[in-house]
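S.K.: Structure incoming, see below.
Laboratory data are not the source of any read-out in this text; all were calculated from the coordinates shown. Note that the coordinates shown come from a computational prediction; the quantities given were computed from them, not determined experimentally. Methodologically, a virtual Cβ is constructed for each residue, glycine included, from the backbone with ideal geometry; neighbour enumeration extends over all protein chains shown.
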Amino acid sequence: MADRDMPSEQPSGRVAADQTQRLDKWLWYARVTKTRTLAAALVERGRIRVNRVRTQKPSHTIKPGDVITASVQRNVRVLKVLQAGNRRGPATEAQGLYEDLTPANELRSTAAQRGASDGVAATGARQTSKYPPAGRPSKKERRNLVQLKGQGSR
């Protein structure tokens with residue numbers, strides 16, 4: 001009877017099954033990706049490393065203490081797994097699943113690159129272009145085109 005009351009001890013180096021989780025599921029729970037399908041696709045394309053080893057199986061099992069390196073949307077994030085997730089909850093709950101080990105200077109440089117590629121300067125002001133983007137013209141542009149073509153007087 002005393003054996004039932006005592007928690008079963010795991011041999012050293014082993015982790016209980018409730019503390020392990022599929023990699024794609026954990027990436028989704030931790031809000032690294034928007035969907036589990038995207039998480040699986042990232043893993044299959046080799047954009048995720050677990051403990052510095054590239055893995056291509058979404059079913060790869062991770063446990064607390066593992067370090068995940070994820071290359072997502074031109075950003076490289078280094079995350080240490082603290083615990084397995086139970087659900088995909090709010091962002092504050094998701095941040096409790098990992099410790100972000102990404103160097104701070106790398107985060108700043110990628111944010112600056114992202115801002116420059118979006119057409120936004122580091123000051124936050126939008127850069128104007130000599131040539132407007134292609135696509136449907138605005139109402140003002142449409143009136144100017146009609147006037148330019150000489151169809152303005154009806």
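S.K.: Subtracting the Cα-Cα distance from 0.36 nm times the residue separation, let me have the gained length for Ala91 to Arg142 in nm, one decimal.
M.R.: Separation in residues times 0.36 nm, less the Cα-Cα distance, equals 14.0 nm.
S.K.: What is the set of long-range amide H partners of Tyr98 at a cut-off below 5 Å, with H atoms built 1.01 Å from backbone N?
M.R.: Those lying under 5 Å, H to H, from Tyr98 are Leu82.
S.K.: Based on the Cβ-Cβ distance of Ala17 and Asn75, what FRET efficiency does E = 1/(1 + (r/R0)^6) give at R0 = 30 Å, to the nearest 0.05? Working shown, then result.
M.R.: On the way: r = 32 Å, r/R0 = 1.07.
So the FRET efficiency works out to roughly 0.40.
S.K.: Radius of gyration and Dmax for the range 16-105's Cα atoms, expressed in Å?
M.R.: Calculated on Cα positions, Rg and Dmax stand at 11.7, 37 Å.
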